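Please read the structure below before turning to the comments.
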Amino acid sequence: MLLTYLYGLQDVFMFNKRIKIRELLNQPADGREVTVMGWVRTFRNNQFIALNDGSTNTNIQVVLELGKFDDVLLKRLTTSSSIKVVGHIIPSQGKGQQMEIKAAHVEILGDADAEKYPLQPKKHSLEFLREIAHLRFRTNTFGSVFRVRHALAFAIHRFFHEKGFVYMHTPVITASDAEGAGEMFRVSTLPLDNPPRKEDGTIDFSQDFFGKATNLTVSGQLEGELAATALGEIYTFGPTFRAENSNTTRHLAEFWMVEPEMAFYDLEDNMNLAEEFIRYIIRFVLENNREDLDFLAQRLDEEEKQLPMDKRSDMGLIQKLEFVVNNRFERITYTEAIDILLQSPAYKKKKFQYDVKWGIDMQSEHERYLVEKHFQKPVIVTNYPKDIKAFYMRQNDDGKTVAAMDILAPGIGEIVGGSQREERFDRLTGRMLEMNIPADELWWYLDTRRFGTVPHAGFGLGFERIVLFVTGMGNIRDVIAFPRTPKNAEF
RNA sequence: UCCUCAGUAGCUCAGUUGGUUAGAGCAUCUGACUGUUAAUCAGAGGGUCACUGGUUCAAGUCCAGUCUGAGGAGCCA
């Protein structure tokens with residue numbers, strides 16, 4: 001029975017006789033017969049097909065001998081039509097490529113009406129491509145972006161796996177509104193037009209699906225801490241939702257976040273891990289996606305040529321990534337950061353729009369100055385004033401600061417935010433009281449401090465922000481397949 | 001949410017102090033050519049000038065509102 005089934009599958013999987021273009025290009029042009037399948041990028045001169053199958057940005061040139069193929073077939077070889085080609089690989093007579101396929105058979109798998117297909121073999125604006133996000137994968141830029149995105153995701157799992165971390169799937173739907181990480185999306189099955197109400201007129205969520213008000217998660221951290229204080233070292237990597245009305249190049253309403261959480265780690269351990277982690281995943285991409293990075297670097301170069309000299313970056317994309325891999329991040333305390341800002345020429349010349357003094361939550365302009373002007377590399381800032389940080393961060397002995405650490409990256413800003421967590425029950429509940437965090441709703445979180453509490457730490461990394469940094473793209477909406485932003489949930 | 005800028009052909013954009021039938025390049029279609037590299041050459045078709053209202057003899061152009069997009073800010077990852 002199983003055998004018949006498998007034999008049946010063999011027929012179904014005949015397509016797997018095909019060779020991927022990425023693989024084909026590394027083989028000798030020895031006249032062998034091969035089968036390739038892909039999408040037509042351009043068809044020149046009624047003879048030359050530039051064929052792409054998504055395995056690489058490099059197209060394979062398929063040559064159709066004049067007069068050998070039916071005119072009706074030739075007419076159907078339009079941009080983005082899909083085809084199967086059987087032919088022989090030979091050294092190319094033309095100049096632009098080493099190898100080409102002399103076609104014996106060409107079969108149309110799917111037509112693409114040239115009058116209606118929106119992509120042309122030319123430059124398109126990223127804004128236009130965003131409007132046709134379902135088709136933009138078929139461009140070189142987005143092919144590279146999404147292969148790099150994949151490689152980063154894979155490298156993240158590999159890094160933590162090698163270190164013995166356990167991958168946790170924390171819930172997407174949560175009942176606690178206490179995390180304070182921003183506006184939340186309500187999850188409800190109650191009728192919007194006529195929800196049940198309590199006597200005082202407020203909505204009666206006891207009749208809702210979960211019997212209480214629920215939202216989409218804004219962070220898996222609190223649940224992550226529960227797992228870490230038993231399994232030791234865990235990480236989450238999942239979708240995260242913020243209902244903030246943010247319209248910027250670095251915010252999404254739905255994004256992916258990586259949140260490791262480690263028992264028996266202090267702030268120093270936390271920083272060391274975060275830095276090693278970022279270096280590791282960037283090195284992985286440098287080693288495994290060089291062709292895509294080269295393409296993206298070239299794209300960025302051309303884009304920057306449009307800018308005035310003073311707006312251009314000093315380093316190319318590859319240089320920038322190699323620099324991050326090969327150099328220690330700068331580590332300073334918040335207090336030192338404020339001192340640097342106060343002594344900066346920018347401050348003395350009153351270039352900052354916002355005032356600088358100890359206690360402020362640093363503005364973008366301040367972070368950019370530190371990272372892009374003063375240090376010109378990623379900077380880890382530690383020990384922030386407690387009043388501008390979350391309730392769960394460990395209170396330092398000075399009574400003023402907490403054991404927080406933010407990693408700031410050139411061009412992106414905050415890429416990692418983390419801290420050593422407050423493991424002392426009294427300190428934690430005391431801070432919750434001061435900050436009006438309802439302790440009763442978080443009884444389960446506090447139980448970790450009641451029973452066998454341990455020093456622990458963790459951080460969150462915005463996945464799309466690291467993809468932005470690595471690909472050199474300018475807008476976060478161009479490094480996620482189908483961006484969700486205010487007024488946009490298309491596709 | 002705030003500030004600034006923008007919305008004209010499928011795409012990228014021009015359109016003067018308001019003035020007759022709104023243009024170009026690319027793409028598309030037709031034909032020619034054929035070792036091309038975003039092929040080339042010739043011709044053709046293609047427009048609710050974002051939407052609504054107003055000013056005016058006359059609005060793509062001026063005014064108001066709305067919608068959408070971009071950049072910056074805030075919030076943050």
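The values are calculated or read from the model by the stated rules, or taken from the named source; none is laboratory data. Worth saying up front: this structure is predicted, and the values here are computed from it rather than measured. A quick note on method: Cβ atoms are made from the backbone with ideal geometry, for glycine too, and the neighbour counts reach across all protein chains shown. Side chains included, ligands, DNA and RNA excluded: accessible areas come from the protein's heavy atoms. Shrake-Rupley method; radii C 1.70, N 1.55, O 1.52, S 1.80 Å.
In table form, for the structure just shown:
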quantity	calculated
Rg/Rh ratio calculated on Cα atoms of the stretch A:189-282 (Kirkwood radius)	1.14
Solvent accessible area, Å² - residue A:349, 1.4 Å probe, full protein context	140
A:43, A:491, A:209, ranked by accessible area, largest first (probe 1.4 Å)	A:209, A:491, A:43
Acute angle (nearest 10 degrees) that the helix A:425-434 long axis makes with the longest principal axis of chain A, alpha-carbon atoms	90
Between helix A:317-326 and chain A: long-axis angle, C-alpha atoms, 0 to 90°, nearest 10	50
Whether the stretch A:282-322 is rounded, prolate or oblate, judged on the alpha carbon gyration tensor where a/c under 1.5 counts as rounded	oblate
Summed side-chain charge close to residue A:483 - residues other than residue A:483 whose Cβ falls under 14 Å, Lys, Arg +1, Asp, Glu -1	+3
Estimated 222 nm signal from helices in chain A, with DSSP H stretches of n ≥ 4 weighted -39500 (n - 2.57), rounded to 500	-9000 deg cm²/dmol
The stretch A:113-228 shape via C-alpha gyration tensor axes, a/c threshold 1.5	oblate
Interchain or long-range residues, amide H under 5 Å from residue A:38's placed H	A:83
Computed over chain A, Cα set: Rg, Dmax in Å	27.2, 86
Among A:189-196, A:293-300, the order from most to least packed when residues are scored by Cβ within 10 Å on average	A:293-300, A:189-196
Global form of the stretch A:308-418, assessed from the alpha-carbon gyration tensor, a/c cut-off 1.5	oblate
Rounded tilt (10° steps) of A:221-231 against the dominant C-alpha axis of chain A	90
Accessible-area order (highest first, 1.4 angstrom probe) of the listed residues A:423, A:162, A:199	A:199, A:162, A:423
Rg in Å to one decimal, and Dmax rounded to a whole Å, for the stretch A:18-110 via C-alpha atoms	11.8, 33
Förster radius 25 Å - calculated FRET efficiency between residue A:137 and residue A:20 (Cβ-Cβ, nearest 0.05)	0.95
Cα→Cβ-extended label distance, 7 Å offset, between residue A:291 and residue A:322, nm	2.1
Reachable lysines, given that their alpha-carbon falls under 22 Å from the alpha-carbon of residue A:212 and they are not under 8 places away in the same chain	A:198
Span from the the stretch A:365-435 Cα centroid across to the the stretch A:259-324 one, whole angstrom	22
Virtual spin-label span in nm between residue A:102 and residue A:360, 7 Å along Cα→Cβ	7.2
Ranked by how many other beta carbons lie within 10 Å on average, peptides A:47-54, A:127-134 from highest	A:47-54, A:127-134
Mean separation of Cα contacts under 8 Å, 6 or more apart, over the residue count of chain A: relative contact order %	13
Relative contact order of the stretch A:18-110, pairs being alpha-carbon contacts under 8 Å that are 6 or more residues apart, as %	31
Difference of contour (0.36 nm per residue) and Cα-Cα distance, residue A:264 to residue A:315	14.5 nm
Residue list for the stretch A:475-491, given a label point 7 angstrom along the Cα-to-Cβ vector of residue A:245 and an amide N cut-off under 17 Å	A:485-489
